[in-house]
Amino acid sequence: MAPIIGVAAENAASQKSVGAIPSTEGFDAAAAERFAKLALACVHKEYPNKISHVLNSDADVAPPRKLMPAFCGCYDWHSSVHGHWLLVRLLRRFPDASFAKPARDALKASLTAENLKREATYLRGEGRASFERPYGLAWLLQLCAELREWDDPQALEMLANLKPLEDAAVERLTAWLPKLSHPVRIGEHDQTAFALGLILDYARGKNDERLTKLAADSARKFFFGDTNCPLAYEPSGEDFLSPCLGEADVMRRVLSQGEFPKWLSEFLPQTPSTTANSDWLPVAISPDPSDPKLAHLDGLNLSRAWMLEGILSALPANDARRPALASAAEAHRRAGLAAVTGEHYEGGHWLGSFAIYLTTKRGIKK
C-alpha cells in the first residue's frame with residue numbers, strides 16, 4: 001500500500017491531491033478509505049496474536065477466537081478494540097463511502113450479543129483484574145461513546161450488545177482508580193494520564209457524574225502539583241505516548257480556562273514563547289518500523305500531535321506559546337501520518353486508529 005501522506009506533502013499543492021490528508025483540517029473519503037482498509041485487514045485476522053492471558057486451568061487453553069471472540073484480531077486485544085472504533089468513527093463521517101458496507105459487515109460479525117457476553121465473562125474471570133487496564137479498557141469506552149453518539153439502528157444494536165462488557169470495564173476502572181496510589185508515568189499502555197483523558201471524555205458524553213468525578217479527581221490528585229516535567233528526557237525508545245504531553249492533555253480537560261495556562265507554565269516552563277518553530281520538540285524517528293516495539297515511535301508522533309492540539313484548544317488566543325505549540329503539532333502530524341503506510345503489520349494494525357483520532361480531532365471538544 002502506498003503511504004497515506006509522504007514527503008511531497010510538505011507543499012500545499014500535494015496536500016490538495018486526491019486522498020491526501022490536509023495538515024490542519026479534515027480529510028476526504030478517499031483518504032478515509034485507506035485508513036478503513038487498515039482496520040478491515042486486521043479486525044478478523046487472528047494471527048499473529050500477542051495474547052495477554054492468565055490461565056487458571058487447562059480449560060483456559062484455547063485460541064484467541066474462543067477466548068475473545070469479538071476482539072481476537074489486530075495482533076492484540078486493545079488494537080482490535082480501537083480498530084473497531086476506527087470503523088465506527090469513519091462510518092459516522094462517511095456513511096456512503098465505498099468502505100461502508102464492508103465496515104458494517106465487519107462490525108456486525110464481531111459485535112454480536114453472544115460474542116460480547118463471552119468477552120464480559122472473560123474479563124470478569126479469576127486472576128484477570130489487570131487485564132488491559134487501563135489502556136484497552138479506556139479504548140473500549142471510546143468505542144461505546146462513538147456508538148452512543150451515532151444515530152443509527154445498527155449502532156444502537158451494537159451498543160446494547162456491548163453493555164455487559166461496557167459495564168464490566170466501568171466496574172473494573174472504578175474499583176481500580178481509588179486504589180491507585182501513584183500515577184504510571186510511562187510512554188506505553190500503562191500510562192495513567194492518557195487513559196484518564198479517554199475515560200473523562202466517555203463519562204462526560206454519557207453524563208455519568210460518578211465516573212466523571214472519579215476521573216477528574218484522580219487527575220487532580222496525581223498531576224495538579226507537578227512542575228518542571230522533564231520533556232528533554234523524552235522519548236524513551238519504545239514510547240508511543242508522551243508522558244509529559246499526556247499529562248498536560250488530561251489536565252486541560254480538568255482545569256478551568258483560568259487555571260490551565262498558569263498550571264502549564266509551571267509544568268512545562270520550557271515551552272517557547274518567542275519562536276514559531278518546532279525545534280524545541282523534535283519529531284521521533286523509528287529505527288525499524290517492522291519491529292513491534294520500535295514501531296511505537298511512529299505512533300508517538302501522532303499522539304504528540306493530538307496532545308499538542310488539545311493543549312492549544314485550552315489556551316487563550318493571545319497566549320504567547322501558541323505559535324511554538326502549533327508548529328510542533330504540525331511537524332509531528334506530518335511525520336506521523338507519513339508513517340501510516342500499512343507496509344508492516346507491526347505498525348499497520350494500530351497506527352490507523354491513531355491517525356483517525358488525530359485527524360478527526362476526537363479528543364477536542366467542539
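Overview of values
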{"quantity": "Selection status of D60, surrounded by fewer than 19 Cβ atoms within 10 Å (Cβ to Cβ), of a type outside the set (S, T, N, Q) and at pLDDT below 95", "calculated": "yes"}
{"quantity": "Within the stretch 345-366, tally of residues that are of a type outside the set (F, W, Y) and assigned to a helix (DSSP H, G or I)", "calculated": "10"}
{"quantity": "Residue tally, condition open to solvent by 10 Å² or more (accessible area, probe 1.4 Å) and within 24 Å of E119 (Cβ to Cβ), over the stretch 181-214", "calculated": "10"}
{"quantity": "Complete set of residues in the stretch 306-323 that are small (G, A, S) and surrounded by 21 or more Cβ atoms within 10 Å (Cβ to Cβ)", "calculated": "G310, A314"}
{"quantity": "Residue pairs meeting the criteria (Cβ under 6 Å; at least 6 apart or on separate chains; first on the phi < 0 side of the Ramachandran plot and open to solvent by 10 Å² or more (accessible area, probe 1.4 Å), in the stretch 343-358; second in a helix (DSSP H, G or I) and not hydrophobic (A, V, I, L, M, F, W, C))", "calculated": "H349/S79; W350/S79"}
{"quantity": "Selection within the stretch 1-45 - part of a loop (DSSP other than H, G, I, E, B), modelled with pLDDT of 50 or more, surrounded by 14 or more Cβ atoms within 10 Å (Cβ to Cβ) and not hydrophobic (A, V, I, L, M, F, W, C)", "calculated": "D28, H44, K45"}
{"quantity": "Flag for T112 being among the polar types (S, T, N, Q) and closer than 21 Å to L156 by Cβ", "calculated": "yes"}
{"quantity": "So A284, is it assigned to a loop (DSSP other than H, G, I, E, B) and surrounded by 21 or more Cβ atoms within 10 Å (Cβ to Cβ)", "calculated": "yes"}
{"quantity": "Criterion (in a loop (DSSP other than H, G, I, E, B), of a type in the set (G, A, S) and open to solvent by 10 Å² or more (accessible area, probe 1.4 Å)) met by exactly one of S265, S256, S327", "calculated": "S256"}
{"quantity": "Residue within the stretch 205-225 that is among the polar types (S, T, N, Q) and closer than 17 Å to N301 by Cα present", "calculated": "no"}
{"quantity": "Some residue of the stretch 229-243 being without any contact (Cβ under 8 Å) to a residue 24 or more places away in the chain, of a type outside the set (S, T, N, Q) and within 19 Å of P282 (Cα to Cα)", "calculated": "yes"}
{"quantity": "Inter-residue pairs, beta-carbon under 9 Å, first in a loop (DSSP other than H, G, I, E, B) and in the stretch 97-121, second of a type in the set (D, E, K, R), 6+ apart", "calculated": "A97/E33; S98/E33; F99/E33; F99/K37; L111/E157"}
{"quantity": "Filtered residues of the stretch 219-229 (kept if in contact with a helix residue (DSSP H, G or I) (Cβ under 8 Å, 6 or more places away or on another chain) and either in a helix (DSSP H, G or I) or of a type in the set (V, I, T) (or both))", "calculated": "A219, R220, F222, F223, T227"}
{"quantity": "For L302: the one exception among (1) part of a loop (DSSP other than H, G, I, E, B); (2) surrounded by 19 or more Cβ atoms within 10 Å (Cβ to Cβ); (3) in contact with a Phe, Trp or Tyr (Cβ under 6 Å, 6 or more places away or on another chain)", "calculated": "(1)"}
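A quick yes/no check of all residues on (1) over 25 Å from I356 (Cβ atoms); (2) in contact with an Asp or Glu (Cβ under 6 Å, 6 or more places away or on another chain); (3) at pLDDT 95 or above:
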residue: A120; (1), (2), (3): yes, no, yes
residue: E166; (1), (2), (3): no, no, yes
residue: A193; (1), (2), (3): no, yes, yes
residue: L196; (1), (2), (3): no, no, yes
residue: D201; (1), (2), (3): no, no, yes
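Residue-wise test of (1) over 24 Å from N318 (Cα atoms); (2) of a type in the set (F, W, Y); (3) at pLDDT below 95; (4) within 23 Å of the chain's Cα centre (by Cα).
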site: L214; (1), (2), (3), (4): yes, no, no, yes
site: F222; (1), (2), (3), (4): yes, yes, no, yes
site: E259; (1), (2), (3), (4): no, no, no, no
site: P269; (1), (2), (3), (4): no, no, no, no
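The values are calculated or read from the model by the stated rules, or taken from the named source; none is laboratory data. Quick caveat: nothing in here was measured; it's all calculated off a predicted structure. As a convention, Cβ positions derive from the backbone with ideal geometry for all residues, glycine included, and neighbour counts pool all protein chains shown. Note: accessible area is taken over every heavy atom of the protein model, side chains too, but ligands, DNA and RNA are not part of it. Shrake-Rupley method; radii C 1.70, N 1.55, O 1.52, S 1.80 Å.
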